[in-house]
1. If a residue must be part of a strand (DSSP E or B), surrounded by fewer than 16 Cβ atoms within 10 Å (Cβ to Cβ), more than 14 Å from the chain's Cα centre (by Cα) and not charged (D, E, K, R), how many such residues does region 94-125 contain?
2. Restricting the first residue to region 143-169 and requiring it to be over 10 Å from residue 125 (Cβ atoms), which pairs with a second residue that is of a type in the set (A, V, I, L, M) and surrounded by 15 or more Cβ atoms within 10 Å (Cβ to Cβ) meet a Cβ separation below 6 Å and a spacing of at least six or different chains?
3. All but one of (1) in a strand (DSSP E or B); (2) closer than 28 Å to residue 122 by Cβ hold for residue 186; state the number of the condition that does not hold.
4. Of a type outside the set (Ser, Thr, Tyr), in a strand (DSSP E or B), within 29 Å of residue 180 (Cα to Cα) and at pLDDT 95 or above: is that true of residue 151 in this structure?
5. Quick check on region 192-203. Is at least one of its residues touching a residue at least 60 places away in the same chain (Cβ under 8 Å) and touching a Lys or Arg at 6+ places or on another chain (Cβ under 6 Å)?
6. One residue is enough: does region 169-178 have a residue meeting the conditions of a type outside the set (Val, Ile, Thr) and not in a strand (DSSP E or B)?
7. I'd like to check something: does region 135-144 contain any residue that is in a strand (DSSP E or B) and surrounded by 15 or more Cβ atoms within 10 Å (Cβ to Cβ)?
8. So residue 162 ticks every box in (1) surrounded by 14 or more Cβ atoms within 10 Å (Cβ to Cβ); (2) farther than 15 Å from residue 206 by Cα but one. Which box is left unticked?
Amino acid sequence: MKGLIAALAFLALPAAAWADDLGLPTRLSLDEPKNDKGQDLEFERQRPDDSSSLTPMEFIYRHSELEAGMLYTDFDNSLGLQSNIAFYFRWGVEVVPNLSVHVTFRYCEFTNGPASMPNREELRIQSFVFGASYHVPLSREFALVAGLGIGPSWWDSSAFNNETGFLISGELGATARLWAMLRLKAGIVLDFVNTDFHNVSGTQVNLSYLLGVELGL
């Protein structure tokens with residue numbers, strides 16, 4: 001435990017220097033900087049209306065957003081899979097204020113079945129989800145977010161035939177601002193998946209609990 005605390009303190013030093021170079025706040029505080037009228041500077045930070053002056057590549061670069069985190073998934077009972085953790089990475093572009101389009105890659109790899117089984121099933125599940133999300137600001141620090149996406153998925157097994165599928169994904173969550181451009185995100189994800197994996201046909205419904213971070217305006 002002492003080693004972990006020392007490592008975190010060591011890693012915090014370059015992070016603090018990086019935040020200072022970018023002009024980001026280096027601590028959480030209720031005291032926000034004020035302008036000469038006594039107004040919070042955060043409320044003055046608005047996305048510049050520069051769309052007409054930027055090339056498409058410049059627009060994408062300037063308004064890109066990154067997100068990464070974990071999904072704890074309860075699979076549909078018909079699939080016969082244990083609940084497990086997946087990881088995801090998302091890249092998006094804010095096309096208008098608070099509305100983003102994005103692509104998400106999910107990856108899940110685990111061993112299915114009781115530990116007493118001599119030959120347990122090795123699984124790898126991957127998907128690409130293309131979608132959009134909308135943030136609803138509640139205050140300076142908090143916002144609600146809702147999203148919808150569609151895309152292909154790949155289900156690989158050491159004991160059954162590998163299958164491909166198609167999913168429709170809905171997401172609902174909330175974000176809390178940690179730094180000027182960094183937000184913590186938590187929510188739920190509901191996936192409607194059509195696949196023949198594990199010899200199951202039709203549509204399966206998987207529920208996931210999401211925890212991640214967003215980096216962007």
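1. So the answer is 4.
2. Listed by first residue and then by second, the contacts come to 144/174; 149/129; 150/168; 151/129; 167/193; 169/129.
3. Going through the list (1) in a strand (DSSP E or B); (2) closer than 28 Å to residue 122 by Cβ, residue 186 breaks only (2).
4. No, not satisfied.
5. no
6. So the first thing to find is which residues in region 169-178 are of a type outside the set (Val, Ile, Thr), and the list is 169-174, 176-178.
With the extra rule that they be not in a strand (DSSP E or B), the set shrinks to 178.
Yes, region 169-178 contains at least one residue that is of a type outside the set (Val, Ile, Thr) and not in a strand (DSSP E or B).
7. yes
8. Residue 162 satisfies every listed condition except (1).
The values are calculated or read from the model by the stated rules, or taken from the named source; none is laboratory data. Everything numeric in this text was worked out from a predicted model, so none of it was measured. Cβ sites come from the backbone with ideal geometry, for glycine too, and all protein chains shown count toward neighbours.
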